[in-house]
1. Looking at (1) part of a helix (DSSP H, G or I); (2) over 15 Å from the mean Cα position of the chain (by Cα); (3) hydrophobic (A, V, I, L, M, F, W, C), which one does Ala94 not meet, given that it meets all the others?
2. Output the residue which, of all residues in the range 1-10 that are under 15 Å from Ile81 (Cβ atoms) and assigned to a helix (DSSP H, G or I), is modelled with the lowest pLDDT.
3. Being in a helix (DSSP H, G or I) and closer than 18 Å to Asp87 by Cβ is the filter here, so list the residues in the range 12-21 that pass it.
4. For a quick check of your reading of the model, give me the residue pairs whose first member lies in the range 15-38 and is acidic (Asp, Glu), whose second is part of a helix (DSSP H, G or I), with beta-carbon atoms closer than 9 Å and at least 6 apart or on different chains.
5. Output the residue which, of all residues in the range 23-65 that are touching a helix residue (DSSP H, G or I) at 6+ places or on another chain (Cβ under 7 Å) and basic (Lys, Arg), is surrounded by the most Cβ atoms within 10 Å (Cβ to Cβ).
6. What tally of residues in the range 66-77 results from selecting those that are loosely packed, with under 13 Cβ neighbours inside 10 Å, on the phi < 0 side of the Ramachandran plot and in a loop (DSSP other than H, G, I, E, B)?
7. Can you give me the number of residues within the range 20-65 that are acidic (Asp, Glu) and modelled with pLDDT under 95?
8. Give me a count of the residues in the range 45-65 that are in a helix (DSSP H, G or I) and of a type outside the set (D, E, K, R).
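The values are calculated or read from the model by the stated rules, or taken from the named source; none is laboratory data. In this text, all values refer to a predicted model and were calculated from it rather than measured experimentally. Using ideal geometry, Cβ is built from the backbone for each residue, glycine included, and neighbour counts are taken over all protein chains shown.
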Amino acid sequence: METLVHADALARFGYAISDATRTQILLTLRKAPRHPSDLAEAIGVSRQTVSNHLACLRGCGLVVAVPEGRRTRYELADSRIGHALDDLLGLVLAVDPSCCAEHGCTC
């Protein structure tokens, strides 16, 4: 795997959390490692959806797959990812909806 410079790593992290399902997966994994079927049930999506998003999160270097016999458990690749998510959850943002509408973003 390629080691990314800081800006590239942040861009991948931003991409990963730009999707609600991937964000839910990361937030669930920050509490404890889980199997894909448990993740699907916990966040209310199909196993196929979870598998697709886990592949993305693995590619971004945010989660790792740990084989357990015939099953695979997923966990955050680094405990600091959980701390970063906790920090982000603590943010309070003052959003200007007119600015977002003006620039075409979907905040």
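1. (1)
2. It comes out as His6.
3. Arg12, Phe13, Gly14, Ala16, Ile17
4. Matching pairs, first to second residue: Asp19/His53; Asp19/Cys56; Asp38/Thr28.
5. Only one residue tops the list, namely Arg34.
6. Count: 1.
7. To start, the set of residues in the range 20-65 that are acidic (Asp, Glu) comprises 38, 41.
Now narrow it down to the ones that are modelled with pLDDT under 95: none.
Residues that pass the stated criteria total 0.
8. Within the range 45-65, the first condition is being in a helix (DSSP H, G or I), and the residues that meet it are 47-59.
Okay, now just the ones that are also of a type outside the set (D, E, K, R), so 48-57, 59.
Total meeting the criteria: 11.
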